[in-house]
Amino acid sequence: MKKVIYDCDNTMGISNRDIDDGLALLYLINNPEVELLGVTCTYGNDNIDYVYNQTIELMKEINCDIPVYKGRGGYKMKDYYAGVYINETSKNIEDVKKNEAAQFIVSMVHKYPEELSIIATGSMQNLYDASIIDQSIIANIKEIVLMGGITKPLKVGNKIMNELNFSVCPEGAFTVLNKATKLSVLTGNNCMDVEFTGDEFRALKKRFEEEGHKLKNEFVIRKIEKWMNEFKDEYGCDSIVLWDVIAAIYLTNPELFDDRFVTIRSKLDDFSIGYINTIRDYTENVTLSREDVFKIVDRYKDVELNIGRNVINLPTVKSSEEVNKKMIEIVHG
Ligand SMILES: [Ca+2]
């Protein structure tokens, strides 16, 4: 069983906000292979207060007593869909130390050195703050799985969608991507390979009605439907991308994915648009184990130059159908 902290910007239930963190959270709670130690909230899909309150509400709704911690920081949201915002997070060390979510992460890494997995699917602020509180933290997390970043522009329906998670806290993304020992990033581009279509949803809803609504997480059906309608209005497509859910499924079932190990060499500025600059691809060297590949490249960080280098994994989904099946298990609870 994996000891896991889920760091997210859950907005499930808020109008015109994505539901993927909420679905990923339900997935992790329902998965018998996961021991969820706590949920840490950050900003991203919306500001920290909305995310925290919404997550507390969700936990009440499903009668779950796993602790929820509030992060800090934020931005002025100008346009959610266009990803236009101004970051307003204080860098004062006393403010950093007040971040309860970061303090929880630090204490759990100390308690379970080399044993803890962290999945982060919002801004990287809490992990960044944790690394300021204790510089050794990121390297001592056994495994980090992120949803975020792009390797090329993200085209959704008839629009270009801006990257959200790395770009709202570029310093955090820079730090985590360069300091992590074993890091897998489900990029925006790779997540888009999995579509949850309107047809799949309608089949699920029909099955749910035929079975007499006997589902543990019945409310999820309504939340998916509402978000699918809002997304259709904005992007004109009859399907949604499951984003964070895919990262959660990767954490528990990496065999459903193909690994792609790359060396990155990203400047801090690259992350202000969420861009992951890959300079070498190890994919052809399939004889190496996952652990071996993560050990290959020296970790080099030159904070002065704001250029880092690390080897990371950018997994891709083998089969959309299999991943969607996993997602449907969530709804059934
Ligand atoms: Ca998210």
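Rounded to two decimals, the Cα radius of gyration of the chain over 2.2 N^0.38 Å is 0.93. Pairs exceeding 23 Å between alpha-carbon atoms, taken from Lys3/Lys111; Lys2/Lys326; Lys111/Lys267; Lys91/Lys155: Lys111/Lys267; Lys91/Lys155. Rg and Dmax of the stretch 121-196, both derived from C-alpha coordinates alone, stand at 13.5, 44 Å. Placing a label point 7 Å from the Cα of Thr263 along the Cα-to-Cβ direction, no residue of the stretch 164-200 has a backbone N closer than 14 Å.
Cross-link check: pairs Lys159/Lys232; Lys205/Lys226; Lys159/Lys205; Lys206/Lys325 evaluated at a Cα-Cα cut-off of 18 Å; pairs beyond the cut-off: Lys159/Lys205.
Of the DSSP beta bridges with both residues in the stretch 142-282, give the percent that are antiparallel, rounding to the nearest 5.
Details: 9 of 14 bridges.
Around 65 percent antiparallel, to the nearest 5.
All alpha carbon pair distances within the stretch 163-233 were sorted into 5 Å bins beginning at 0; the resulting P(r) in whole percents reads 3, 12, 15, 15, 13, 11, 12, 11, 5, 2, 0.
Distance between the 7 Å Cα→Cβ label points at Glu94 and Glu225: 5.2 nm. Taking packing as the residue-averaged number of other Cβ atoms within 10 angstrom, the listed peptides 126-136, 318-328, 201-211 run from highest to lowest as 126-136, 318-328, 201-211. When the helices of the chain are scored as -39500 (n - 2.57) per DSSP H run of n ≥ 4 and the total is divided over every residue, the value at 222 nm lands at -11000 deg cm²/dmol.
No value in this document is a laboratory result; all are computed from the given coordinates. Since we're looking at a predicted model, the values are computed, not measured. For neighbour counting, all protein chains shown are included, and Cβ atoms are generated from backbone atoms with ideal geometry for every residue, glycine included.
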